[in-house]
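Read the figures in this text as sums done on the coordinates, not as results from a lab. Here the structure is a predicted model, which means the values were calculated and not measured. No Cβ is skipped: glycine too gets one built from the backbone with ideal geometry, and neighbour counts run over all protein chains shown.
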Ligand code: HGA
């Protein structure tokens, strides 16, 4: 959350900063701002709202500069106001942008106020600007002032700083929040992620925890947490510009929903190319790490947590080992009983989700070092902190509401369940072959589900005026009901709850009346007859049913019961196929309500704060 970009170049950096912020806007969109060194002065433009508004103001100001920093904010400390927007400036000389939370900001604020610094915002960030300014005033370079200041901070930060007294330098620091350097020809960059700078360079250095860096036109120098110079590997990013553009679509979420056959196909191809369900899929060490696993503990947040809940059914059924799934922010503060033979699986699209990262660290501190990360972003923090890694091949996901990351996570988790089953001798070759074949057919089945879009869109008009909705499922489709409810609330702001269908009569049935649409995920699996009984219970109370079934589940439309069928039942992978219609239902309902689909209120992607 929060996007940072900075540039030092032989050309005007203002368009680079603005373009970078537009690409980072998915990380936060409460306010945006830039500060540049223009002539002898630090000049700043900030606006609440979207980057486009800030861009218009920057154009009107006629800013032109060779050095600058920019920020798009998701507010944690202090409201959404222009004075809280970044960059923050100290004494008209030093400007700073920050992603993260400074936990000791109150103590630092008191200290700096006593030193005569005046605060103009309610943010935790402003203390950092003044603190660096204070150290700079003791003599030394901007870099050494930054290095001294960060040692006095508690919390998480990615920082980029400029100072009019150091017109040839941009400095940066990272602890707990992502930050990378981009290496250009006669120009260098700093950014929260590569999308911000990819039109200028693909050569990047990922800063490590505790690193600081100094960028000039000619090069970059990185220093470790002890301020010793350090050489960090240069990576060449393969992120495609097309994946960052909308193309013919109206929203990134729509584009990403439709990319799922490709994203799933690419992820499955990785499995097939590696020779099928083999430990090697998860890394070089995987055979030894997975050999004596006794149980699995999955840790994740949000949609990734629902992927984990689905995987529990697969892991227990196919591998025959117990599997627990926890919300990372709960696990990390709970007294857990560590088991060194337990596999810790973290799931995070960005690989930077703070709660998931902290839960992983906590799990390791309990003596559990069998760790596997399922992630969509190579070189991000969580995979780097894990012994085993499975990288999904979803491509850049920009819409705040996750879609293709979710379904490719499910593919990865399915591969894990089968691989564990194989290693434990639970599956014979024929069954393994069937399961691989099922995966190969998955992109086609997902495409069939996408073809239902006109029918799903027609339902959306019934949902748009509602205040509440219930989503029901059983077995592996229960987490899909949860995901359907989450998608609907995230982007349409309709209050929605997901429930196991069998739980209905233990409470939520009391909510059902003619105003409560009830979505049921009811494919032809072993629990179909049970779900049908639950549907009768709802109908008997006047509830209107919207049923996602499949061709084999013999549902028929009747008064108050609407049915959309996927073309065929795909067995164990059915939850992946049924994720598609619930995504489309949320998308079209949000369209009908006129909400900002890709940037829903109060949210942002890559949750790098607690
Ligand atoms: N704490 C700072 C930065 C917020 C942030 O990083 N959000 O993800 C602020 O509130 O401005």
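Between residue 537 and residue 324, what is the FRET efficiency for a Förster distance of 30 Å, r being their Cβ-Cβ separation, to the nearest 0.05?
Numbers: r = 30 Å, r/R0 = 1.01.
Computed FRET efficiency for residue 537 and residue 324: 0.50.
Need one word for the stretch 325-478: rounded, prolate or oblate. Basis is the Cα gyration tensor (sqrt eigenvalues a ≥ b ≥ c); a/c below 1.5 gives rounded, then a/b vs b/c decides.
Judged from the Cα gyration tensor, the stretch 325-478 comes out oblate (a/c at least 1.5, b/c at or above a/b).
Pairing the Cα long axis of helix 478-492 with the longest principal axis of the chain, what angle in degrees results, from 0 to 90 and rounded to the nearest 10?
Helix 478-492 sits roughly 50 degrees off the main axis of the chain.
Please order 64, 166 by the number of other Cβ within 10 Å, starting at the fewest. Let's see the in-between values first.
On the way: 64 15, 166 21.
Going from sparsest to densest Cβ surroundings: 64, 166.
Beyond 49 Å, what share of the Cα-Cα pairs of the chain remains, rounded to the nearest whole percent?
15
Sorting 94, 528 on the 10 Å Cβ count, fewest up front, what's the list?
Values: 94 25, 528 18.
So the ranking, lowest neighbour count to highest, is 528, 94.
Can you compute the modelled spin-label distance between residue 137 and residue 361, with each label point 7 Å from Cα toward Cβ, in nm?
Label-label distance for residue 137 and residue 361, simple model: 3.2 nm.
Semi-axes of the equivalent ellipsoid for the stretch 371-432, please: Cα gyration tensor eigenvalues, times 5, square-rooted, ordered largest first, whole Å.
Semi-axes, largest first: 26, 15, 7 Å.
What ranking do 386, 554 get, fewest neighbouring Cβ atoms within 10 angstrom at the top?
Lowest to highest Cβ neighbour count: 554, 386.
Test of understanding: what is the full-extension gain from residue 103 to residue 510, defined as 0.36 nm times their sequence separation minus their Cα-Cα distance?
On the way: separation 407, 0.36 × 407 = 146.52 nm, distance 4.35 nm.
Between residue 103 and residue 510, full extension yields 142.2 nm more.
Please list the three semi-axes, largest first and in whole Å, of the ellipsoid equivalent to the stretch 182-327, using sqrt of 5 times the eigenvalues of its alpha carbon gyration tensor. Don't skip to the answer; put the middle values down first.
Details: eigenvalues 259, 117, 49 Å².
They are 36, 24, 16 Å, listed largest first.
With viscosity set to 1.002 mPa s and temperature to 20 °C, compute the Stokes-Einstein D of the stretch 459-586, Rh being the Kirkwood radius across alpha carbon pairs; µm²/s, no decimals.
152
Once the Cα atoms of helix 302-314 and of the chain are each reduced to a long axis, what angle between those two axes, in degrees from 0 to 90 to the nearest 10, is obtained?
Orientation of helix 302-314: about 40 degrees from the principal axis.
Pulled fully out, how much extra length does the chain show between residue 464 and residue 199, if you take 0.36 nm times their separation in residues and subtract their Cα-Cα distance?
91.5 nm
Is the stretch 81-206 rounded, prolate or oblate when judged by the Cα gyration tensor, a ≥ b ≥ c being the square roots of its eigenvalues, rounded requiring a/c under 1.5 and prolate requiring a/b larger than b/c?
Verdict is prolate for the stretch 81-206.
Nearest 500 deg cm²/dmol is fine: what mean residue ellipticity at 222 nm does the chain get from its DSSP H runs of n ≥ 4 alone, each adding -39,500 (n - 2.57), divided by its residue count?
After summing the helix terms and dividing by residue count, I get -11000 deg cm²/dmol.
What is the calculated FRET efficiency for residue 455 to residue 249, with r their C-beta to C-beta distance and R₀ = 35 Å, to the nearest 0.05? The partial results should precede the final answer.
Numbers: r = 20 Å, r/R0 = 0.56.
The calculated FRET efficiency here is 0.95.
Is the stretch 1-125 rounded, prolate or oblate when judged by the Cα gyration tensor, a ≥ b ≥ c being the square roots of its eigenvalues, rounded requiring a/c under 1.5 and prolate requiring a/b larger than b/c?
Oblate, because a/c is 1.5 or more while a/b does not exceed b/c.
I need two numbers for the stretch 224-289: Rg to one decimal and Dmax as a whole number, Cα atoms only, in Å.
Spelled out, the Cα radius of gyration and Dmax of the stretch 224-289 are 18.6, 49 Å.
Using a Förster distance of 56 angstrom, determine the FRET efficiency expected from the C-beta separation of residue 424 and residue 221, and round it to 0.05.
0.65
Regarding the stretch 132-254, what whole-number volume in Å³ per residue does the convex hull of its Cα atoms give?
Working: hull volume 16.0 nm³, N = 123.
For the stretch 132-254, the hull spanned by Cα atoms encloses 130 Å³ per residue.
Along Cα→Cβ, 7 Å out, is where each label goes; now give me the distance between the ones at residue 335 and residue 440 in nm to one decimal.
Reported label-point gap for residue 335 and residue 440 is 5.3 nm.
Using only alpha carbon positions, build the gyration tensor of the stretch 445-486, then give the equivalent ellipsoid semi-axes as the square roots of 5 times its eigenvalues, largest first, whole angstrom.
After diagonalising the Cα gyration tensor, the semi-axes are 19, 18, 6 Å.
Give me the angle, in degrees from 0 to 90, between the Cα long axis of helix 574-593 and the longest principal axis of the Cα atoms of the chain, rounded to the nearest 10.
Between the helix axis and the principal axis of the chain, the angle is about 60 degrees.
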